[in-house]
Amino acid sequence: MAIRERLSGNEAVAIAMKQINPDVVAAFPITPSTEIPQYFSNYVADGVVDAEFVAVESEHSAMSACVGAQAAGGRAMTATSANGLGLMWEVLYIAACSRLPIVMGVVNRTMSGPLNIHNDHSDSMGARDSGWIQFYCENNQEAYDNMLMANRIGEHPDVMLPVMVCQDGFITSHAIENIELVEDDKIKDFVGEYNPEMYLLNSEKPISMGPLDLQGHTFEHKRQQAQGMINAKKVVNEVSEEFYKLTGRKYELFEEYMTEDAEAVAVILNSTAGTAKYVVNQLRAQGKKVGLIKPRLYRPFPVDEMVEVLSKFKAVAVLDKADSFNAAGGPLYTDVTSALYSKGVFSPKVINYIYGIGGRDVKADDIEIVYNKILDIAATGKVDSVYNYLGVRE
Amino acid sequence: MDKVVEIRWHGRGGQGAKTASLLLADAAFNTGKYIQGFPEYGPERMGAPITAYNRISDEKLTIHSNIYEPDYVVVVDETLLASVPVTSGLKEDGAIIINTTKTPDEVRTALKGYKGKVCTIDARTISIDSLGRYFPNTPMLGAVVKVSKIMDEKDFLDDMNESFKHKFAKKPEVIEGNIKALERSMQEVKGL
């Protein structure tokens, strides 16, 4: 029986970490993710987890300590936001290249500057090419569930990559909402033991990690790393299927909402996808053929599946909560359009909106503007502007 | 209840408006509802105006925006009436609940033409009488449950009794006072 609870997104992630019971959590506090290591350190102090909690002096050290712990053969986890993720930067790449399946809760917050504690996706979007698997979560339930699945996915021998589980700072991290938890013993069985093939504390098979690589081997190592990312999609599906059998909660690579006969569809990550569902329901009640695609797995990007679905629609709006400052479109837009082009699909008209930057509240009315625009494009086939901003004063 | 009830709280940092919104979410959750409780975070400092929100529904909630057209507004500190547009978007078939010693008619003049129901509650007196100190959030919580009828009053009091037992496990002496504050505010709220 699932346990009916009400928790904030941060509480949900901390409880997932408690149930996973990793060997090491190393963290440095930064708003709005601070509560995750704070709650977890309470579990450590209360003796309800076996983990070693390392209160480091910076996020650079937090990720470095996770790299060390995971390389030694343990399970390491952490959480961060915005500039904390920024300070981890060089170590993110080392974790991925060293094939260390560290799991990190990212509570999305805008990268400074300007200095602002609120939500957008400029932090994790910047890390999209660092070699980490990335999940995006609409609410506390998805943050919890994806955390529970993250170890299994990252630690799979065909993958061996670190995993970020992203949710919206404050909007879901600090909102209390209903959630269903899974019993501790079920999670213990589901997550299982971490038994890496190679690790530093194995005296039977001594190895070095992170030595100088140079021209002779780096390319091959990077190619293998890329293969881990290519393999990840299949493993995500397998683990999600097993999770579905355990909990009854079904997770695909992306969620399709009311897309069956839809003509105009928005592609939206995280909490705003929930607001869009509300708007889709209202517009559907008026007979308008609208739908939503909510990507869950963003790295690797599910090109084949996404293109197959998007090719059915007449007009698509991709919403980005981060600007790429490339004078052309946000990161999700670039991925979606390049996926379509690479598969030779040119039929849907695809436009981009940059929205919600720096925590600008995204209202149902804002999302309605987007749907009205793409309904218009679906009807006329005419696109007057590809790269747009939503809800900004100018 | 066939729709989503939306509540907006206005208070000042340190008065417990955020806590009250979370307690309301808790109580509604315990009666089987889907709930959201979330504050609007700003530069947090004692005394600065803060806003917190609740959505309460029989159906799963997916919307994740602030609340612009609330059914109910709760004003924990009446000095905010002069500086914050508390009635902004408030539905005329809803109500505003204000912590003040004034009557609804006396306070209505400060509400910039709001035509809906105005309720008042003297949370200061109730809090000081029953708790010995000024914690306006508990009486305001009682008042909002009374006015909004979002849950059965007895269920609410029973549930709060359990929550307080849990919350104040280390200082059981304050449980009775908190329950008394809830009961009194439910009886004394004016303008129903």
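The values are calculated or read from the model by the stated rules, or taken from the named source; none is laboratory data. The structure presented is a predicted model; accordingly, all values stated were derived computationally and were not measured. All Cβ positions, even for glycine, are placed from backbone atoms using ideal geometry, and neighbour counts span all protein chains on display. Side chains are part of the model used for accessible areas, which takes the heavy atoms of the whole protein and leaves out ligands, DNA and RNA. Shrake-Rupley method; radii C 1.70, N 1.55, O 1.52, S 1.80 Å.
For B:Thr31, the shell of other residues with beta-carbons less than 9 Å away shows a net charge of -2, using +1 for Lys and Arg and -1 for Asp and Glu. Summed over both chains, the accessible area lost when B and A associate is about 1900 Å², using a 1.4 Å probe.
The alpha-carbon of B:Lys112 sits under 30 angstrom from the alpha-carbons of these lysines, leaving out residues fewer than 8 places away in its chain: A:Lys363, B:Lys3, B:Lys18, B:Lys91, B:Lys102, B:Lys146, B:Lys149, B:Lys190. Across peptide B:64-74, the mean count of Cβ atoms from other chains lying within 10 Å of each residue's own Cβ comes to 4.
Under the simplified labelling scheme, the A:Met1-B:Ile128 pair shows an inter-label distance of 4.8 nm, with each label point 7 Å from Cα along Cα→Cβ.
Taking the protein heavy atoms of region A:112-226 in the context of the full set of protein chains, the accessible area attributed to carbon and sulfur is 54 percent at 1.4 Å.
Protection proxy ranking for A:155-166, A:228-239, using the average of other Cβ atoms within 10 Å per residue and placing the highest first: A:155-166, A:228-239. Anisotropy class assigned to region B:108-166 is oblate, per the alpha carbon gyration tensor with a/c at or over the 1.5 cut-off and a/b no larger than b/c. Helical content alone sets the calculated 222 nm signal of chain B at -11500 deg cm²/dmol, taking -39,500 (n - 2.57) per DSSP H segment of four or more residues and averaging over every residue. Mean separation of Cα pairs under 8 Å and 6 or more residues apart, divided by the residue count, gives chain A a relative contact order of 16 percent. For A:Lys234, the lysines whose Cα falls under 24 Å of its own Cα, not counting residues fewer than eight places away in the same chain, are A:Lys186, A:Lys188, A:Lys222, A:Lys245, A:Lys250, A:Lys294, A:Lys312, A:Lys343. Bridgeable aspartates and glutamates around A:Lys349 (alpha carbons under 16 Å apart, same-chain partners fewer than 8 residues away excluded): A:Glu263, A:Glu308, A:Asp335, A:Asp376, A:Asp384. Residue-wise HN-Hα couplings along region A:265-279, as the Karplus relation 6.51 cos²θ - 1.76 cosθ + 1.60 with θ = phi - 60° gives them from phi, are 10, 9, 10, 9, 9, 6, 4, 5, 4, x, 4, 5, 4, 4, 5 Hz; Gly and Pro carry x. From largest to smallest, the equivalent ellipsoid semi-axes obtained for region A:189-230 from the alpha-carbon gyration tensor read 25, 18, 6 Å.
Neighbours of B:His10, meaning other residues whose beta-carbon lies under 11 angstrom from its beta-carbon, give a summed charge of -1 when Lys and Arg score +1 and Asp and Glu score -1. Where both bridge residues fall in the protein assembly as shown, DSSP classifies roughly 35% of the beta bridges as antiparallel. Qualifying GluC sites (Glu not before Pro) in region A:10-58, where qualification requires a DSSP coil assignment and no more than 14 other C-beta atoms within 10 Å, comprise A:Glu57.
Applying 0.36 nm per residue to the separation of A:Val44 and A:Glu241 and subtracting their alpha-carbon distance, the gain on full extension is 67.8 nm.
Distances between placed amide hydrogens fall under 5 Å for A:Asn388 paired with A:Asn352, A:Tyr353, A:Ile354, all partners being 5 or more residues away or on another chain. Bridge orientation summary for region B:1-140: considering DSSP beta bridges with both residues in this region, about 55 percent are antiparallel. Using the Cβ-Cβ distance between B:Glu69 and A:Glu220 with R0 set to 56 Å, the FRET efficiency from 1/(1 + (r/R0)^6) comes to roughly 0.40. Rounded is the label for chain B, because a/c, from the alpha-carbon gyration tensor with a ≥ b ≥ c as root eigenvalues, stays below 1.5. Our coupling estimate for region A:302-314, obtained by passing each phi through the Karplus curve with A = 6.51, B = -1.76, C = 1.60 and θ = phi - 60°, is x, 4, 4, 5, 5, 5, 4, 6, 5, 5, 7, 9, 8 Hz, Gly and Pro reported as x. For A:Lys349, the residues whose modelled amide H falls within less than 5 Å of its own, excluding neighbours fewer than 5 places apart on the same chain, are A:Ala315, A:Val316.
Counting Lys and Arg as +1 and Asp and Glu as -1 over every other residue whose Cβ lies under 12 Å from the Cβ of A:Ile36, the net charge comes to -1. Working from label points 7 Å from Cα in the Cα-to-Cβ sense, the A:Ile230 to A:Asp213 distance is 1.7 nm.
Across region A:1-98, Cα pairs under 8 Å and at least six residues apart give a relative contact order of 32 percent. In this structure the amide hydrogen of A:Gln134, modeled in the peptide plane, comes within under 5 Å of the amide hydrogens of A:Met164, A:Tyr298, A:Arg299, none closer than 5 places in sequence on its chain. Computed from the Cα positions only, the extents of chain A along the three principal axes stand at 69, 52, 44 Å, in decreasing order. Counting Cα-Cα pairs of region A:189-289 in 5 Å increments starting at 0 gives whole-percent bin shares of 2, 8, 11, 11, 13, 13, 11, 9, 7, 6, 4, 3, 1, 0. With axes computed from alpha carbons, what is the tilt in degrees of helix A:59-72 against the longest principal axis of chain A, rounded to the nearest 10 within 0 to 90? The answer is roughly 60 degrees. Label point of B:Asp152 set 7 angstrom out along Cα-Cβ; within region B:1-32, amide nitrogens under 15 Å from it belong to B:1, B:28-32.
Peptide B:18-24 has a mean of 1 when you count, residue by residue, the C-beta atoms of other protein chains within 10 Å of its C-beta.
The per residue volume of the convex hull around the alpha-carbon atoms of region A:249-375 is 111 Å³.
Work out the mean other chain Cβ neighbour count within 10 Å for the residues of A:167-173 and drop it here as an integer.
Neighbouring Cβ atoms belonging to other protein chains average 2 per residue here.
The HN-Hα couplings worked out from phi for region B:151-159 by the Karplus form 6.51 cos²θ - 1.76 cosθ + 1.60 (θ = phi - 60°) are 8, 4, 4, 5, 4, 4, 5, 4, 5 Hz, whole numbers, x standing for Gly and Pro.
Per-residue extension of 0.36 nm, minus the Cα-Cα distance of A:Glu90 and A:Ala285, leaves a gain of 65.3 nm for this segment. Since only B:Gln187, B:Pro49, B:His166 are under comparison, the one whose Cα sits farthest along the positive direction of the charge dipole of chain B, derived from C-beta charges on Lys, Arg, Asp and Glu, is B:Pro49.
Please list the three semi-axes, largest first and in whole Å, of the ellipsoid equivalent to region A:1-141, using sqrt of 5 times the eigenvalues of its alpha carbon gyration tensor.
Largest first, region A:1-141 gives 22, 19, 14 Å.
For the peptides A:210-219, A:347-356, the ranking by packing is A:347-356, A:210-219, with the highest mean count of neighbouring Cβ atoms within 10 Å listed first. Largest first, the extents of the alpha carbon coordinates of region B:87-192 on the three principal axes equal 46, 26, 21 Å.
Interface residues of region A:236-285, defined as a loss of at least 10 Å² in heavy-atom accessible area between the chain alone and the complex of all protein chains with a 1.4 Å probe, are A:Ser271, A:Gly274, A:Thr275, A:Lys277, A:Tyr278. Counted residue by residue at 0.36 nm each, then reduced by the alpha carbon distance between them, the extension gain from A:Ala327 to A:Asp184 reaches 46.6 nm. Volume of the convex hull of region A:23-74 (Cα atoms only), normalised per residue: 61 Å³. Charged side chains reduced to their Cβ positions (Lys and Arg at +1, Asp and Glu at -1) give the protein assembly as shown a dipole of some 1180 debye around its Cα centre.
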